[in-house]
Structures are given as C-alpha cells and as structure tokens.
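The values are calculated or read from the model by the stated rules, or taken from the named source; none is laboratory data. This one's a predicted model, so the numbers in the text were calculated from it and none came from an experiment. Glycine also receives a Cβ, built like all others from the backbone with ideal geometry; neighbour counts cover every protein chain displayed. Each accessible area value is taken on the protein alone, full model and side chains, heavy atoms only, with ligands, DNA and RNA left out. Shrake-Rupley method; radii C 1.70, N 1.55, O 1.52, S 1.80 Å.
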Amino acid sequence: MVSLTRDELTRRTFLTHGLAATGLAVTAAPLAARSERAQTTAGGSFPKGFLWGPATAAHQVEGNNINSDGWVLEYMKPSMFAEPSGDACDFYHRYRDDIALAASLGFNAFRLSIEWARIEPEPGVYSVAELDHYRRVLAACHEHRLTPMVTFWHFTSPRWFAALGGWENPGAGDHFVRYCERAAKHLGDLIGGAATFNEPNIPLLLKWIFSAMPHNPFAGADGMMKAAAKSIGAERFSYFVFGNGEASRDVMLPAHHRALAAIKAGPGEYPVGVTLAIADEQAVGEASRRDEKRELLYGPWLDAAASSDFIGVQTYTRARVGKDGDLPPEPGVELTQMGYEFWPEALEQTIRYAASRAKVPVYVTENGVSTEDDTRRVEYITRALAGVSKCLSDGIDVRGYFHWSLLDNFEWNFGYRPKFGLIAVDRQTFARTVKPSARLLGSFARSNGPGA
Ligand code: BGC
C-alpha cells in the first residue's frame, strides 16, 4: 500500500479535481455556491470551474505602502521611477467596491497580493491588524463569489529586508518562509490558490533584454540603491528588480520550495505554485540563442514548478532571438505603450512551452496590454483567448485566465502613464470607469469562454 503525505495528497487532489474542488472541500458556504455557478456556465472549450479574473498587486493598487523598499526608491533623487506610487488606486480602502465591481462584470476569481512590508513591519514583528485587513479583503472576495488567488510576494519587500541585502542575502529565505508561515496561518482558510513569488525570473530577463541595447536603462540603479541605503541609515539596500538576478535566483529557488511547504502546513487546502514572466521566444536564424535564453530564464523555475501544484504563466509579447540575443521589433509593427510588440498570439505559445516542461496545470496569472486605445485591448483579449482555447482543445490543462490588470495602476518605474487597466482610475478623485474590454472579458467569464 502506498501511503501519501499531506502534501502529496493535496497535490493529487488538486491535480485530479482542480482548484474549485480542493478549495471547496474545506471552506465555507460561499465557495460552494460559487462552484455551482461555475458548473452551470460551462461552454465553449473551457472546462467547468475555469477561473476568470482580473489581476492586481498590492504595491501597484493599494497606495501608501510606506514601509516598503519600493517606496524608499521612489523618493530618491535622482530616482529611476518616473513618479512615486503615492495613493496608487487607494485599493487599500476601496477594495470592497472594486471587488464588487469585478464580480458584477461576471468574473469568478480575483488575483491579488498581500504586502509583506505591511504584515511584518520589523523583523519578526507581525501586524495582526494588517493580517486582519487582508482577511477582510479575502472575505469580500468570497462574499462576491470570487476565488481569491493570492500572491505572497509581488516585487516589494519591507525596507528592513532590503537593508539586509534583499534577495542577495543568503539568509533571505529564512525571513520569507517565516512570513509565509505566519500569513498562511492567519489567512489560509480564505485562500483559493496561492503563488509564493511573482516572476522571480524578472531581473535575469531584464538583464538579457538590456544586454542587446546600446544603453542599459537600469544603469543608474546601483547609485540609487546606495543613496537609499544612506537615507535609511543602512549599509546596504538591495531591491529585487534592480538587483543581481543570479544571486537572487539561487536564494529564491530553495525559498520557493520551503515557502510552499510552510503555506501548505497552514489551514485550508489549495494549490500553491509560482508565476513566471515568459515571452514567446522565437528563434531567428540557425545560430539563434533562443534555447540558451529559455534555459537560463525559465528552465530552473519550470523545474521548480514541476514539483509545485501549478505554473502561473505571465505573458505580454514575443521576443525574436537571433545569434547575438534579442532583436528589436521589426520596423512598422504595432508597439504597446511599453515599447514592445503587440503580439497576443504569444500566450498560446508560452502556455504550450510551460506545460510541456513543467507538466503541471497552468494558470494564466497575467496577460494584458498597455494602451490608451481600449479597442486594442479588446482585440488583444480576443486573440489571446483564441490561443488559450486552442491549448485546451489540444488537451493542455489550463485552469484559469487572470487579466492584467483590474485597474489602470502604478506601472513601477514607468509610473502611471502605461494603461493596463480594464477599468480607468481618475488620479484625483479615484473614480472608476469601466472600459468596454472589461465588459467583453466579463461576458466571456459569464459564458465560460468566447463563442460559448
Ligand atoms: C508584473 C506586473 C506588471 C506587469 C505589466 C508583470 O511583469 O507582474 O507587476 O505591472 O507585468 O508590466
């Protein structure tokens, strides 16, 4: 007889029955009600219980994340941030309305992150009030029948963590695992699915992209981080996105596995995975470095995902890789506000690639486009979902689609200029205006797929 550990059991239950089933078995009534709705809306090639939702991240929407490393850097002079995050979208106070709005559009899920800098303001000091805040946010999701997909870390960390060397500190994993354990204990019964890290591969991805550019856009980062250290009276200050990608990868890989176990040890039964920034890497010419790039940027994390419950795919565009690295977009192609190519077909390819390597269920945890012209977002969504549909028809186990983003929000060093939102936000009044793309995606969510 084979005996299974609790982790194996959870994983197998998840692999067999999916997120809805595992969450439902142990959680309260609102989740059960949501499952019924999912089962009655099956259509198209999308499986029953498929998750449809918008994606958000704490620092980008909540506002006043003043204890975070990102906040410190935004106020350095000079700063690499076009403007500070400030009040962001005031989601910290307006979450109830935003969650209700997302539900009213037709979604059945919601991706958000909890903010470590709020939860652990000093090393080992946990704020019960902030943990309770996130309980209320998660409870609001359940009230509106949205499965909450929770990211435990989405780029920002407490400033004390940056002062210890951030993710380049070999002891960083211990801090992160303790935080995950504490947060999961407090929140686990309300979580529907979780990611340890958001895009831990992003520094290496940016390094690769920048290496093909004549000027490194992050050239001033070291100076800014030195100034940040000085401003908080620390010897060091390491912010993940601008830091050493090799060093952080080596610390984060084992931390992911330990955090996953710590999260699963808490209350609730839900799948835990990791999300990755993945472009559709296209080889140009026989000597293309495409495979080398894939192995470097995605290989170790897809292998880590292989022993997790799922892989979160986050795709925005394609990259054309030649013998010297990435090639610039071809002349005349449509570019997004971020400067990269409008290429919604990328998603189909990245799902196929991630699924074939990790061999675990896939959630699209981010996909979207920055544009002032919402008709382009409509086009993008329609074409990206056609790709998801093809993957499903080929038997690939895709379980959800989270669109980046719910709101026009703080796009890191680019500030508020790029518009990724399904919903516009007035920067003075915080008034929300629903865009046609939100209604379209919401209608797909209601009918469980385009063309259903
Ligand atoms: C990140 C988000 C970001 C989005 C759009 C992803 O890399 O997870 O935080 O806003 O891409 O650039």
*For region 6-447, accessible area per residue (1.4 Å probe, heavy atoms of protein chains only), Å²*: 37
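Please give the charge dipole size of the chain, origin at the Cα centre, charges +1 on K and R Cβ atoms and -1 on D and E Cβ atoms. Round to the nearest 20 debye.
For this selection, approximately 820 debye.
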*Could you grab the relative contact order for the chain? Cα pairs under 8 Å, six or more apart, rounded to a whole percent.*
20
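Based on Cβ point charges of +1 for Lys and Arg and -1 for Asp and Glu, what charge dipole magnitude is obtained for region 342-447 about its Cα centre, in debye rounded to the nearest 20? Don't skip to the answer; put the middle values down first.
Working: 15 positive and 12 negative charges, 39 e Å.
Around 180 debye, computed over region 342-447.
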*Could you give me the ³J(HN,Hα) list for region 277-288, computed from phi with Karplus coefficients 6.51, -1.76, 1.60 and θ = phi - 60°, whole Hz, x at Gly and Pro?*
7, 10, 9, 7, 8, 10, 6, 10, x, 5, 8, 3
*Which distance in nm do the two modelled labels at residue 185 and residue 334 give, with both placed 7 Å along the Cα-to-Cβ direction?*
5.1
*For the residue pair residue 373 and residue 174, what label-to-label distance in nm results when each label sits 7 Å from Cα along the Cα-to-beta-carbon direction?*
5.5
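Expressed in nm to one decimal, what extension gain is obtained for the pair residue 426 and residue 210 from 0.36 nm per residue of sequence separation less their Cα-Cα distance? Walk me through the numbers before you get to the answer.
Working: separation 216, 0.36 × 216 = 77.76 nm, distance 3.31 nm.
Going from the current span to full extension adds 74.5 nm.
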*Given the chain, what whole percent of its Cα pairs are spread farther than 41 Å?*
9
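Just to verify a number: FRET efficiency for residue 323 and residue 83, C-beta to C-beta distance, R0 = 35 Å, to 0.05?
The pair residue 323/residue 83 has a calculated efficiency of 0.35.
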*asked:* For residue 283, what residues show an amide H to amide H distance below 5 Å, using hydrogens built from the backbone and excluding near sequence neighbours?
replied: 321
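On the protein heavy atoms, probe 1.4 angstrom, tell me the percent of accessible surface of the chain carried by carbon and sulfur.
On the way: 9230 of 17040 Å².
Of the solvent-accessible surface of the chain, carbon and sulfur hold 54 percent.
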*Of the lysine pairs in the chain, how many meet both conditions: Cα atoms under 26 Å apart, and a spacing of 8 or more in sequence or different chains?*
19
*asked:* For a bin width of 5 Å, list the pair-distance distribution of region 317-396 built from all Cα-Cα distances, rounded to whole %.
replied: 3, 14, 22, 22, 18, 14, 7, 1
*Under 10 Å, Cβ to Cβ, from residue 76 - net charge with Lys/Arg +1 and Asp/Glu -1*: +2
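How high is the relative contact order of region 306-452, in percent, with contacts defined as C-alpha pairs under 8 Å that are six or more residues apart?
Values: 236 pairs, mean separation 32.0, N = 147.
Result for region 306-452 is 22 percent.
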*Calculate one ³J(HN,Hα) per residue across region 379-387 by plugging θ = phi - 60° into the Karplus curve 6.51 cos²θ - 1.76 cosθ + 1.60, and present them in order as whole Hz with x for glycine and proline.*
4, 4, 4, 4, 6, 5, 6, 4, x
*For the pair residue 439 and residue 135, how long in nm is the line joining their label points, each one 7 Å along Cα→Cβ?*
4.0
*Residue by residue, what Karplus-based ³J(HN,Hα) values in Hz, rounded to whole numbers, does region 390-401 have, using 6.51, -1.76 and 1.60 with θ = phi - 60° and x for Gly and Pro?*
5, 4, 4, 4, 7, x, 6, 7, 9, 10, x, 9
*Applying 1/(1 + (r/R0)^6) with R0 = 22 Å to the Cβ-Cβ distance of residue 292 and residue 345, what FRET efficiency is obtained, to the nearest 0.05?*
0.40
*Non-local amide H neighbours of residue 151 (under 5 Å, H modeled in plane, Pro and chain starts lacking H): which ones?*
112, 113, 114, 195
*Can you give me the P(r) profile for region 74-124? Cα pairs, bins 10 angstrom wide beginning at 0, each as a whole percent.*
18, 33, 33, 14, 1
*Taking H as built 1.01 Å from N, whose amide H comes closer than 5 Å to the amide H of residue 325, not counting residues under 5 places away?*
289
